[in-house]
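Each remark here refers to the structure printed beneath this line.
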Amino acid sequence: MAEQLQQQQPGLPVLLCGGYTDERDRWSAIEQQRFHFLQKPYPSAQLLRRVRAILDASPA
């Protein structure tokens, strides 16, 4: 779904969140697509900081 959204809106930042240990096996695919990733569990403050950093780094 994220790939389809980026096709419609290039440059759209994507933050994936996952809690499965096998996600590290797919890290190269996540990096290749330039998706951001946040490993679960995480406190809400960490999510907010990550979203803010992604938005600040995104072109206007």
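Any read-out appearing in this document is the output of simple, stated calculations on the displayed coordinates, not a laboratory observation. None of the values given here were measured: they were computed from a predicted structure. Counting neighbours? That spans all protein chains shown, and the Cβs are built from the backbone with ideal geometry, glycine included.
Set Lys and Arg Cβ to +1 and Asp and Glu Cβ to -1, take the dipole of the range 13-57 about its Cα centre, and tell me which of 51, 39, 14 lies farthest positive. Towards the positive end, the residue furthest out is 51.
The chymotrypsin sites (Phe, Trp or Tyr not before Pro) of the chain that DSSP puts in a loop, and whose beta carbon has at most 11 other beta carbons within 10 Å, are 20. Remark: relative contact order (the range 13-57) = 48 percent; criterion is Cα-Cα distance under 8 angstrom and separation of 6 or more residues. Amide H contacts of residue 38 (H built 1.01 Å from N, in plane; Pro and chain starts excluded): 16, 17, 18 sit under 5 Å, all sequence-distant by 5 or more or on other chains. Charged neighbours of residue 43, selected by a Cβ distance under 13 Å, balance to +3 (K, R count +1; D, E count -1). For the range 13-57, the calculated P(r), taken from all Cα-Cα distances in 10 Å bins from zero up to the bin holding the longest distance, is 26, 54, 21 percent.
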